[in-house]
């Protein structure tokens, strides 16, 4: 079995089906390839494009296409996962508007990382192949999964330096045939050792230059609309290490932890960072996107602030309203510590209506 690291980067996109898509990709390449797939979320805008020569179709016909500028890709996307063997960047229709390129493209190998892109498809789109024998279109399954498998196949052919039959098989509706080529052209022991050394060196490089990487690829969290706020919450959940698979059982149905947090915030504030709750029966008030309470509790005979006040997470109520990112980070911290029931939306089950 060949082990390779693949990173999927979703720009301005947070599909709930991402874990299912990741599993489908891994399943396609198993058991001969063990793909360690990591998921990243970015919020880049104004991405530069460049006209390039490409080949497409079952005949590998040459044509001109447009893709993400490789210098921008290497500067902004590759540092997210520099020890990866393959990086696939997904741009949604708004990122590539008007459409300027094909659905997918392998950009090539830069700094020992194969860079690929997929453009503009929707979460539930399906891919179809026309069968001239029957005159019917054959459903190839989910479009993102199909094209991700397609671009990863290109990358694996390139990594193994064997003739690339990706188009021959995928465009004839027989994509699994690439596996016979790829498993028979397996990496030599020397190549695997070199790949392992490359990953170790890059990991050390990334640790040494971690501050530089963070500085050159900042994540912008948007809170101006409920939709943007929800997206920012889900990105923060990923960045702070919450599981991205469905590990939480609610009434017999499985959800991702970030689904739970988003449902709680939906109930608490409707994703409004500036919301101020109605006064509670005890005279306290809840503030901001996560509705932090301004009350106190008794500690060794002294009233101490629960969330807001000297020595607490938030110095004052205005800070809570002005810093939704900090609010969400604290909520995620409490979730990870097993304290999500501090929020009444969870404790009394009202969050369930938003799952």
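Any read-out appearing in this document is the output of simple, stated calculations on the displayed coordinates, not a laboratory observation. Predicted model, so just to flag it, every value in this text is computed and none were measured. So basically every Cβ, Gly included, is an ideal-geometry build from the backbone, and we count neighbours across all protein chains shown.
Laid out as a table, the results:
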{"item": "Distance in nm between pseudo-label sites at residue 276 and residue 72 (7 Å out along the Cβ direction from Cα)", "result": "4.3"}
{"item": "Protection proxy ranking of 143-154, 338-349, 118-129 - average other beta-carbon atoms within 10 Å, highest first", "result": "143-154, 118-129, 338-349"}
{"item": "Cα→Cβ-extended label distance, 7 Å offset, between residue 110 and residue 350, nm", "result": "4.9"}
{"item": "Chain lengthening between residue 134 and residue 36 when straightened (0.36 nm per residue, less Cα-Cα)", "result": "31.4 nm"}
{"item": "Spacing of the two label points (7 Å from each Cα toward its C-beta) at residue 183 and residue 15, in nm", "result": "2.6"}
{"item": "Protection proxy ranking of 13-20, 288-295 - average other beta-carbon atoms within 10 Å, highest first", "result": "288-295, 13-20"}
{"item": "Added length on full extension, which subtracts the Cα-Cα distance from 0.36 nm per residue, residue 161 to residue 342", "result": "59.6 nm"}
{"item": "Antiparallel bridges, percent of DSSP beta bridges restricted to the chain (to nearest 5)", "result": "55"}
{"item": "Using a Förster distance of 30 Å, the FRET efficiency for residue 306-residue 227 (Cβ separation, nearest 0.05)", "result": "0.50"}
{"item": "Rounded FRET efficiency, nearest 0.05, which uses the C-beta distance separating residue 124 from residue 55 and R0 of 30 Å", "result": "0.55"}
{"item": "Pairwise FRET efficiency - residue 296 versus residue 245, Cβ, R0 = 45 Å, nearest 0.05", "result": "0.70"}
{"item": "Protection proxy ranking, peptides 225-238, 304-317, average beta carbon neighbours within 10 Å, highest first", "result": "225-238, 304-317"}
